[in-house]
Amino acid sequence: MRFHMNGSSDESDIVTATASADHVRKFVFGGGTDASADRLEIKIPEILQGAYSFYTWPCAPILAHFLWERRQTLVCKRILELGAGTALPGIVAAKCGAQVVLSDNCILPKSLAHIQKSCLANQLQPGVDIDVVGLSWGLLLNSVFRLPVLDLIIAADCFYDPSVFEDIIVTVAFLLERNRGAKFIFTYQERSADWCIEALLKKWKLHASSINMDEIGKQSGVDLLEFMGGHTIHLLEITLNAPQ
């Protein structure tokens, strides 16, 4: 059974985003040298001259390949993607059988409309096969309380601006407290050695551990360095601290 979310953008925004899209990028998962292996192709519309949420940044395909290689564990899992942007990881999860909510800033209707366009480009009907909702990091608005029970929270490159780090951590801490046993798995691009969330994790009673990225992409014959473009990217898992 599908769960449904409120807060989708109107059709005029979808038309606007559609008309201004520059091109469509294709991402291929699986296959590799084994012709009989599972294969998935995802099409992501991008607006290169648009805001940052209309472009697929290097962190997204890395997280998407990580999910793809664990696709058997995603079936029927309830997943929320924070700051989805073009929504590549969340769409991959949905194609692997997960029940997915894609979210982005609730005050950016064109970004939410573009997420819907990405879904439609991959034969996922918003509100039927996948859900799109506007959230606000750090503010516990009604939309946060309307989220379904979650097994997993994901994000690609949401820690891009230190001014919102605590807002993200507050939101994640609330969701993990509300969904005991859930995890937050995310990729982030290292932009400055001075940017750190360690103190925030301690403040909000969260624990972070690094996930080894050495094998990611090998099932698809993909070299992650092609996506990284010279950047340093990390994959982490955040959970609630164990009770003392």
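The values are calculated or read from the model by the stated rules, or taken from the named source; none is laboratory data. Just so it is clear, the model here is predicted, and its values are computed rather than measured. We place every Cβ from the backbone using ideal geometry, glycine too, and count neighbours over all the protein chains shown. Side chains included, ligands, DNA and RNA excluded: accessible areas come from the protein's heavy atoms. Shrake-Rupley method; radii C 1.70, N 1.55, O 1.52, S 1.80 Å.
What's the total number of residues in the range 174-201 that are among the basic types (Lys, Arg) and modelled with pLDDT under 95?
Restricting attention to the range 174-201, the residues satisfying the condition of being among the basic types (Lys, Arg) are 178, 180, 183, 191.
Keeping just the survivors that are modelled with pLDDT under 95 gives 180, 191.
Going through the range 174-201 one residue at a time, the tally reaches 2.
Scanning the range 40-70 for residues that are small (Gly, Ala, Ser) and either open to solvent by 10 Å² or more (accessible area, probe 1.4 Å) or under 20 Å from Asn105 (Cβ atoms) (or both) returns Gly50, Ala51, Ser53, Ala60. Based on this model, can you work out whether Ala208 counts as in contact (Cβ under 8 Å) with a residue 12 or more places away in the chain, small (Gly, Ala, Ser) and under 21 Å from Ala84 (Cβ atoms)? No.
Within the range 219-244, work out how many residues are over 20 Å from Lys26 (Cβ atoms) and of a type outside the set (A, V, I, L, M, F, W, C).
9
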